[in-house]
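Notes for the one structure printed next.
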């Protein structure tokens, strides 16, 4: 082991790297879904050694650290799949389905950060082109893509002193935006009245409480896209999203990882809107590691018939929706 190598990662870094390995396996393999992947723990240990220069002698130690992280977080992320003739070996798989905010937060993090940076760059371009002197007024919707955007604007910057007025019902984003020591002096946050939904980690309540607000930008993600229609799990959040799309004014941005695209109809969920209800769509640049053409890429390519490229960055792509 090198002089600068570490014996072990802390639990958060261990989990982050394991999710990174699942994402890489998905992109480089023929698997139809990330939920189908089962990674032998010995392969995981080799990956951690090569990427992070850490050595794990015990497969059980890795599993124990993952379970402790899950217990602290309060959600289940992984499942153990027994292998071998004597069932003494095991592989790791993701614990399908992920419904809770704190589960979804771990998925496709690299792609989400690329999208969040794309949205941030678009907003900064807008402020420069419009020579906007006051704060940028943004509605920041539910979900983990919006959460990752909040982490970007919450970071202090010596070169960017843009002020923001953020309206949000996203408790994950809220905790980032008001955390001590961050960009608090440039950010003002407004939240609606209502009750807390612990699954989506949002404030739900009066659906059209933002209808009278004139936003510069409305930023939302979604759970599924099917035939151009948008769906989410929460019935309460469905009502809120529909009201904002129909009644609130501002440039509407749909943030996607592209993994949301589904060829199957969404069961037990009503569409709250369409891609065509938005002004812009922001997605990550397709990975150079992609093995073949994934189904979600095919479906996104079909959806691009209604989109015009505006910015094609090496990390993200921004499309204008054809009205």
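The values are calculated or read from the model by the stated rules, or taken from the named source; none is laboratory data. All values reported here derive from a predicted model rather than from experimental measurement. As a convention, Cβ positions derive from the backbone with ideal geometry for all residues, glycine included, and neighbour counts pool all protein chains shown.
Among the candidates 190, 219, single out the residue that is free of Cβ contacts under 8 Å to residues at least 60 places away in the same chain and either surrounded by fewer than 22 Cβ atoms within 10 Å (Cβ to Cβ) or under 18 Å from residue 154 (Cβ atoms) (or both). It is 190.
To keep it simple, each residue is scored yes or no on (1) modelled with pLDDT under 90; (2) closer than 28 Å to residue 296 by Cα.
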{"residue": "11", "(1), (2)": "no, no"}
{"residue": "28", "(1), (2)": "yes, yes"}
{"residue": "59", "(1), (2)": "yes, no"}
{"residue": "68", "(1), (2)": "no, no"}
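When you go through 14, 66 one by one, which is the residue that is touching a helix residue (DSSP H, G or I) at 6+ places or on another chain (Cβ under 8 Å), touching a residue at least 24 places away in the same chain (Cβ under 8 Å), surrounded by 14 or more Cβ atoms within 10 Å (Cβ to Cβ) and over 30 Å from residue 295 (Cβ atoms)?
On the way: 66 fails: over 30 Å from residue 295 (Cβ atoms).
Sole residue among the options that is touching a helix residue (DSSP H, G or I) at 6+ places or on another chain (Cβ under 8 Å), touching a residue at least 24 places away in the same chain (Cβ under 8 Å), surrounded by 14 or more Cβ atoms within 10 Å (Cβ to Cβ) and over 30 Å from residue 295 (Cβ atoms): 14.
Looking only at segment 26-38, residues that are under 16 Å from residue 79 (Cβ atoms), outside any loop (DSSP other than H, G, I, E, B) and free of Cβ contacts under 8 Å to residues at least 24 places away in the same chain come to 1 in all.
So is residue 75 in contact (Cβ under 8 Å) with a residue 12 or more places away in the chain, surrounded by 13 or more Cβ atoms within 10 Å (Cβ to Cβ) and either assigned to a helix (DSSP H, G or I) or over 24 Å from the mean Cα position of the chain (by Cα) (or both) or not? So residue 75 does not fit the description; no.
Taken together, 263, 291 contain a single residue that is more than 18 Å from residue 245 (Cα to Cα), in contact with a strand residue (DSSP E or B) (Cβ under 9 Å, 6 or more places away or on another chain) and at pLDDT below 95, which is 263.
Out of everything in segment 91-100 that is in contact with a strand residue (DSSP E or B) (Cβ under 8 Å, 6 or more places away or on another chain) and touching a residue at least 24 places away in the same chain (Cβ under 8 Å), what residue ends up being farthest from residue 16 (Cα to Cα)? Step by step, filter segment 91-100, then rank; the result is 91.
Is it the case that residue 312 is surrounded by 13 or more Cβ atoms within 10 Å (Cβ to Cβ) and out of contact with any helix residue (DSSP H, G or I) (no Cβ under 9 Å at 6 or more places or on another chain)? First the steps, then the outcome.
Working: surrounded by 13 or more Cβ atoms within 10 Å (Cβ to Cβ): no; out of contact with any helix residue (DSSP H, G or I) (no Cβ under 9 Å at 6 or more places or on another chain): yes.
Criteria not met by residue 312.
Would you confirm, using the coordinates I've provided, whether residue 245 is in a helix (DSSP H, G or I) and either buried (at least 19 other Cβ atoms within 10 Å of the Cβ) or touching a helix residue (DSSP H, G or I) at 6+ places or on another chain (Cβ under 8 Å) (or both)?
Working: in a helix (DSSP H, G or I): yes; either buried (at least 19 other Cβ atoms within 10 Å of the Cβ) or touching a helix residue (DSSP H, G or I) at 6+ places or on another chain (Cβ under 8 Å) (or both): yes.
Yes, satisfied.
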